[in-house]
1. Which of the residues that make up the stretch 22-51 are hydrophobic (A, V, I, L, M, F, W, C), within 14 Å of Lys69 (Cα to Cα) and outside any helix (DSSP H, G or I)?
2. Which of the residues spanning the stretch 52-79 are assigned to a loop (DSSP other than H, G, I, E, B) and open to solvent by 60 Å² or more (accessible area, probe 1.4 Å)?
3. Could you check the stretch 22-51 and list, in sequence order, the residues that are open to solvent by 70 Å² or more (accessible area, probe 1.4 Å) and more than 23 Å from Arg6 (Cα to Cα)?
4. Could you tell me whether the stretch 12-20 includes any residue that is out of contact with any helix residue (DSSP H, G or I) (no Cβ under 6 Å at 6 or more places or on another chain), open to solvent by less than 90 Å² (accessible area, probe 1.4 Å) and modelled with pLDDT of 95 or more?
Amino acid sequence: MNTKDRRSAVEQIMDAEVLLISVENASKLLGVACSTARYAIKTTGQITTGVPVIKIGGRYKVPTAEMRKCLGIKLQATQ
């Protein structure tokens, strides 16, 4: 596990360099149980409406750009 994986879900989603987060962290941001998120992925292929997941090997990852869009979060441009 690298250092970026140990940061909180909020820190990860606010970092423009982080492209994918775990289903566990995405479910925390959405305020739902991880089991509920995994059920949604299994039945719809999305963690929530409009937020697809990517399967890498046996793991599912959630694109941070889609999560930010879903949550209405805009990143500040860095200079």
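The values are calculated or read from the model by the stated rules, or taken from the named source; none is laboratory data. Just so it is clear, the structure is predicted and the values come from calculations on it, not from any experiment. Because the Cβ atoms are built from the backbone with ideal geometry, glycine has one as well, and the counts that use them run over all protein chains shown. What goes into the accessible areas is simple: the full protein's heavy atoms, side chains included, and nothing from ligands, DNA or RNA. Shrake-Rupley method; radii C 1.70, N 1.55, O 1.52, S 1.80 Å.
1. Residues satisfying the conditions are Ile47, Val51.
2. Those that are assigned to a loop (DSSP other than H, G, I, E, B) and open to solvent by 60 Å² or more (accessible area, probe 1.4 Å): Gly57, Gly58, Gly72, Lys74, Leu75, Gln76, Ala77, Thr78, Gln79.
3. Tyr39, Lys42, Thr43, Thr44, Thr49
4. yes
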